[in-house]
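Since the structure comes first, as structure tokens, the remarks are kept for the end.
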Amino acid sequence: MSAVPTIGYHASHEQFTPSALLEFVQRAASAGFDAAMCSDHFHPWSEEQGESGFAWSWLGAALQATDLPFGVVCAPGYRYHPAIIAQAAATLAEMYPGRFWLAAGSGERLNEHITGEVWPPKPERNERLRDCVDVMRALWAGDTVTHRGLVQVEEARLYTRPAAPPRVFGAALTEQTAEWTGSWADGLITVSAPPDKLKRLTDAFRRGGGDGKPIVLQIKLSYANTDADALAGAHQQWRSVVFDSAVLAELRMPAEFDAAARLVRQEEMHAFVHVSSDVERHVEWIRGYGDFGFEALYLHNVHSDQQRFIDDFGEHVLPALRDN
């Protein structure tokens with residue numbers, strides 16, 4: 001890597017209890033990880049994952065329990081009104097200056113259908129997301145906001161605001177979304193993919209107005225004591241990764257994901273998750289992302305053995321990446 005990016009730990013609320021995740025991020029901080037981020041789900045992706053703690057409560061505890069900066073990926077506009085997300089983010093940013101960011105995405109039906117609202121097509125979800133981001137930024141600026149659009153806001157004003165508003169990254173999995181995101185987001189967050197796909201996606205973001213803005217990558221990996229265990233754990237916990245983002249956005253319940261993934265074979269996971277028990281192999285894979293100019297790489301070990309991952313990567317992988 002020409003310039004060593006921030007190496008962060010991803011805390012998966014779909015897979016672990018909030019109390020366990022708090023222990024994991026403290027362990028990650030002690031092991032030498034630079035930062036952390038978390039998901040924000042109401043339902044997990046599968047019944048086997050089986051968890052879905054409330055990310056915003058947990059973030060306050062995690063920021064207090066460590067010195068790490070934290071981010072969260074959320075979908076304002078459905079189960080969360082943007083004024084409430086703005087208030088929650090402002091509170092964390094005021095309490096922990098410079099240590100909190102959020103990424104905004106158009107969401108998945110899995111989490112957002114619970115309010116009973118009609119789940120709109122992707123173009124409308126994007127328009128609604130942009131409405132929400134505009135509302136949040138106006139509130140952070142101290143404006144009294146009344147908004148009549150795809151979200152409704154009536155005379156809202158934030159009285160507790162941070163000295164500097166949090167950065168809002170855009171979450172994108174396709175070139176089309178990435179290019180659109182470049183026009184409004186403070187940066188981009190995406191997930192690991194083959195180099196040609198990542199290049200097209202990051203180029204699209206920069207072409208759409210994101211040139212010079214930071215880009216963050218979440219890397220999916222499975223690390224365990226043996227290759228067989230790493231592969232079995234990836235398949236058990238994360239086999240829905242094989243589906244296209246358009247499919248992931250439309251399924252309603254964990255049982256539907258389980259049914260759709262019933263015929264996914266273990267060997268298919270290699271195309272979507274870096275699977276190995278060899279730390280040197282993981283160093284090689286992570287170094288392979290060095291040419292894209294990422295500001296931060298967040299490592300998500302989809303395997304259930306987080307302690308082994310944190311300790312072994314802290315001892316072997318992080319030093320190797322920084323020494324390069």
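The values are calculated or read from the model by the stated rules, or taken from the named source; none is laboratory data. Please read these numbers as outputs of a predicted model, since none were measured by experiment. Please note: Cβ atoms are built from the backbone with ideal geometry, for glycine as well, and neighbour counts cover all protein chains shown. Areas reflect the complete protein model, heavy atoms only, side chains present, ligands, DNA and RNA absent. Shrake-Rupley method; radii C 1.70, N 1.55, O 1.52, S 1.80 Å.
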Any residue in region 284-309 that's on the phi > 0 side of the Ramachandran plot: show its pairings with residues that are open to solvent by less than 10 Å² (accessible area, probe 1.4 Å) at Cβ separation under 9 Å, as long as the two are six or more apart or on different chains. G293/T202; G293/I215
Counting residues that are closer than 22 Å to A246 by Cβ, which strands (runs of 3 or more DSSP E) fully inside region 113-219 reach at least 1? 168-171, 187-191
State which residue pairs qualify: first residue closer than 15 Å to E48 by Cα and inside region 255-267, second residue among the hydroxyl-bearing types (S, T, Y) and assigned to a loop (DSSP other than H, G, I, E, B) in any location, beta carbons under 8 Å apart, and separation of 6 or more residues or different chains. F257/S46; D258/S46; A261/S46
Looking at this structure, is D229 touching a His at 6+ places or on another chain (Cβ under 8 Å) and open to solvent by 40 Å² or more (accessible area, probe 1.4 Å)? yes
Matching entry among A171, A138 (being free of Cβ contacts under 8 Å to residues at least 60 places away in the same chain and within 25 Å of the chain's Cα centre (by Cα)): A138
Any idea how many residues of region 95-112 are open to solvent by 20 Å² or more (accessible area, probe 1.4 Å) and in a helix (DSSP H, G or I)? 2
Output for region 109-135, where each listed residue is in contact (Cβ under 8 Å) with a residue 60 or more places away in the chain and touching a Pro at 6+ places or on another chain (Cβ under 9 Å): L110
Could you check, for region 18-38, whether at least one of its residues is surrounded by fewer than 23 Cβ atoms within 10 Å (Cβ to Cβ), polar (S, T, N, Q), in a loop (DSSP other than H, G, I, E, B) and over 16 Å from the mean Cα position of the chain (by Cα)? no
What tally of residues in region 44-94 results from selecting those that are closer than 15 Å to T17 by Cβ and not in a helix (DSSP H, G or I)? 8
Which listed residue is closer than 22 Å to D34 by Cα and among the acidic types (D, E), from D323, D244: D323
It is to be established whether one or more residues within region 204-216 are closer than 24 Å to Q15 by Cα and buried (at least 18 other Cβ atoms within 10 Å of the Cβ). yes
